[in-house]
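What follows draws every value from the coordinates through simple rules; no lab data is involved. Keep in mind it's a predicted model, so treat the numbers as computed, not measured.
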Amino acid sequence: MKLRTLFYLATFLSIAIISCKKDDDDDNVDDFDHAAQAIVDKEILVDYLKSHYYIAPLEDEYFGKIDTILETDNVTSLFDDIKLKKYNVTYNDIDYEYYSYEQEIGTQGIKASKADSVMVRYQGVLLDKSEEFDRSNFFNWFGLYNAGNYIVGFREGMQYFSGGENASVVGEPIKFTNTGKGFFIIPSGLGYRNIANGDIPASSCLVFHVDMGYVIIADNDNDGLTNIEEDLDGDGEAYNDDTDEDGYPNFVDADDDNDGTLTKDESKTEDADGDGIVDYLDPDTK
Ligand SMILES: [Ca+2]
Ligand SMILES: [Ca+2]
Ligand SMILES: [Ca+2]
Ligand SMILES: [Ca+2]
C-alpha cells in the first residue's frame, strides 16, 4: 500500500460506508419473506413478458417502449421474442431471474463487467403502468465496481450492452454514436426490494431502457491488470479479492502482495520460486 493509491482508497472507503448503510437498512427491514417475493416476482415477470411486446427506438430516440398486446395486435410477445435473454443470479442465498434485450449492438463491440465503468443514459420504468421513475437524457459515468452505490440488478443489467463511438464536440455535452440500445427487466429483489423509494412502491419489478454510450475497461490502480483481471476467485466481483488481506482489494491496491514492490513492476505470469504462486501475488518474490 503506497501513498499513490490514496485516491483510490478514499474512493473505496466511501463506497464501503455506503455499503454499510445499505446493510443496516437491510437489517431493519424486518422479517420480510424475500424468498416468497422472489417466487411471486418470477410469475409477475413471465405474465408481463407474455402480455407485452417491444417497440424499438426510432433513429432519433434514445429508448424503446414496452406496450401491452391488444387482441387486434399482430406482434411477437417478449416471451417469444428471440432477442430476450434470461439470466439467473443468486443474491442473499435466493435465486433470481432477470432479463435483458439487446436491440442495437453498439459498434464499440465491448461489454462491461461489474468491475468496469460505463457512460450510459437510461430510463427507469415501473412494470405496471409503465410509469417513468428515473431518466437521464445525458450520458452519465457509472463506476460499476462501486457495488454499494447501485441496486443489484442495475449492475447486472449493465453487462449486456456494447458501447458506441465517442462523437463529442468541445463545449457540448459528451456524445456517443452507434450506441448499444435495449432494456433489462429485474425483479424487486434485485431492485429496491420491499422498501418504497421515491415514486417506486415497495416490491416493484423494474424496467431499465438503456442507451450505452461507451464501455471503459477499468484499471483503477494502474498496475496493468484490468479490474476484472484482479477478480482472482472468478465470481465477477473485484471488491472481494484481497491477497495481502489489508482491507484494500487488489484492484485498488498498487502492491497486491504487500512485498514492497509495486504490482506494476512484478511479473504477472512468472513464478520465480516455483511455489505455484505468480510473482505479483507472492510476497516471497519481489
Ligand atoms: Ca489493476
Ligand atoms: Ca472476486
Ligand atoms: Ca490488499
Ligand atoms: Ca508486490
Considering only Cα-Cα distances, which of the following residue pairs are longer than 29 Å: Lys42/Lys114; Lys114/Lys181; Lys65/Lys85; Lys111/Lys175; Lys42/Lys65; Lys85/Lys268?
Lys85/Lys268
Amide H of Tyr192 versus every other amide H placed in the peptide plane: which residues, excluding those fewer than 5 positions away on the same chain, fall under 5 Å?
Ser204
Check which residues have an amide H placed less than 5 Å from Arg135's amide H, if you skip close sequence neighbours.
Gly124
Under 15 Å from the Cα of Lys264, which aspartates and glutamates turn up, not counting those fewer than eight places away in the same chain?
Asp219, Asp221, Asp223, Glu229, Glu230, Asp253, Asp255, Asp256, Asp279, Asp282
Could you work out the helix-only [θ] at 222 nm for the chain, with each DSSP H run of four or more residues adding -39,500 (n - 2.57) and the total divided by the number of residues, to the nearest 500 deg cm²/dmol?
-5500 deg cm²/dmol
Along principal axes, Cα extents of segment 32-216, largest first, whole Å
51, 44, 28
Enumerate the calculated ³J(HN,Hα) couplings along segment 271-286 in order (Karplus 6.51 cos²θ - 1.76 cosθ + 1.60, θ = phi - 60°), each rounded to whole Hz, writing x wherever the residue is Gly or Pro.
10, 4, 9, x, 9, x, 10, 5, 3, 5, 10, 10, x, 7, 10, 10
With axes computed from alpha carbons, what is the tilt in degrees of helix 6-28 against the longest principal axis of the chain, rounded to the nearest 10 within 0 to 90?
50 degrees
Run the numbers on the chain and let me know its relative contact order in percent, using alpha-carbon pairs under 8 Å that are six or more apart.
18 percent
